[in-house]
Amino acid sequence: MFRREWLEFAGGFNCRYHQAPDVDLVLRLALMGCEATWVRQTTVCYRQHEANASHNTPLQTSECQVVLERVFARPNLPDQIRQLERQARYTNLVWSAWRLYFTGHLAEMASYLEKSLSATPDCPTETVLGWINYFQKYSQEYGDEFDARSLSNSHEWQQLTATLF
């Protein structure tokens with residue numbers, strides 16, 4: 001939650017983005033020094049169904065990558081933010097991979113996980129375990145059961161992990 005004046009000061013949502021205008025706005029506000037707070041109680045509900053615009057996961061994940069690129073391409077980015085780049089990219093790539101998995105885009109999921117390898121300091125075994133833990137966490141946050149067996153039996157997962165070991 002943040003004050004309306006900040007929304008106006010930031011220029012509102014960037015209509016260039018169809019799936020990630022909220023991500024862009026929050027990052028712009030943070031870089032401007034906007035103070036915000038988390039509301040712990042649920043104030044709105046989000047109904048999910050097959051016709052939701054957010055099911056265009058390839059566009060959503062692509063736009064999130066563009067937003068991060070724009071943030072970290074800023075020449076005047078404070079060092080304290082710049083130091084978060086590797087972790088931010090890794091976390092976003094793994095979250096994107098999970099969203100792609102969740103919506104049935106397994107080839108794209110594998111591609112994002114492969115990209116995340118360049119941002120992880122962990123060995124392959126720890127990286128794969130981390131992916132599984134993140135997938136389980138994100139599934140729970142969405143009220144879904146994560147089926148690790150189904151993931152590990154997928155052709156895309158097997159191809160990806162075969163290149164690691």
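The values are calculated or read from the model by the stated rules, or taken from the named source; none is laboratory data. The model shown is predicted, which means the values in this text are computed figures rather than measured ones. Neighbour counts run over all protein chains shown; Cβ positions are idealised from the backbone, glycine included. These area figures cover heavy atoms from the full protein model, side chains too; ligands, DNA and RNA do not enter into them. Shrake-Rupley method; radii C 1.70, N 1.55, O 1.52, S 1.80 Å.
From the set of residues in region 99-129 that are small (Gly, Ala, Ser) and part of a helix (DSSP H, G or I), which is nearest to Asn56 (Cα to Cα)? Outline the logic, then answer.
Narrowing region 99-129 to residues small (Gly, Ala, Ser): 104, 107, 110-111, 116, 118-119.
Narrowing the set further to residues that are part of a helix (DSSP H, G or I) leaves 107, 110-111, 116, 118-119.
On the way: Ala107: 15, Ala110: 17, Ser111: 17, Ser116: 21, Ser118: 26, Ala119: 25 Å.
The selected residue is Ala107.
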Those residues of region 130-152 which are part of a helix (DSSP H, G or I) and open to solvent by 100 Å² or more (accessible area, probe 1.4 Å) amount to Gln140, Glu141, Arg149
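Within region 108-122, count every residue that is open to solvent by less than 60 Å² (accessible area, probe 1.4 Å) and modelled with pLDDT under 95.
Taking region 108-122 first, the residues open to solvent by less than 60 Å² (accessible area, probe 1.4 Å) are 109-113, 116-117, 119-120.
In the following step, the residues that additionally are modelled with pLDDT under 95 were identified as 119-120.
Residues meeting the conditions: 2.
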Taking first residues from region 49-64 that are over 12 Å from Trp95 (Cα atoms) and among the acidic types (Asp, Glu) and second residues anywhere that are open to solvent by less than 20 Å² (accessible area, probe 1.4 Å) and at pLDDT 90 or above, the pairs with Cβ under 6 Å that are 6 or more apart or on different chains are Glu63/Tyr17; Glu63/Ala20
query = Out of curiosity, is Thr127 closer than 18 Å to His155 by Cβ and either in contact with a Cys (Cβ under 6 Å, 6 or more places away or on another chain) or crowded, with 17+ Cβ neighbours inside 10 Å (or both)?
reply = no
- Query: Does any residue of region 94-107 turn out to be surrounded by 12 or more Cβ atoms within 10 Å (Cβ to Cβ), at pLDDT 95 or above and polar (S, T, N, Q)?
  - Reply: yes
How many residues of region 153-162 are surrounded by 11 or more Cβ atoms within 10 Å (Cβ to Cβ) and either within 15 Å of Gly104 (Cα to Cα) or of a type in the set (S, T, N, Q) (or both)? The answer is 6
Scanning region 39-55 for residues that are open to solvent by less than 70 Å² (accessible area, probe 1.4 Å) and modelled with pLDDT of 75 or more gives Val39
When (1) open to solvent by 100 Å² or more (accessible area, probe 1.4 Å); (2) assigned to a helix (DSSP H, G or I) are applied to Trp6, the one that fails is (1)
Given the conditions (1) open to solvent by 60 Å² or more (accessible area, probe 1.4 Å); (2) more than 22 Å from Trp131 (Cβ to Cβ), every one holds for Gly12 apart from (1)
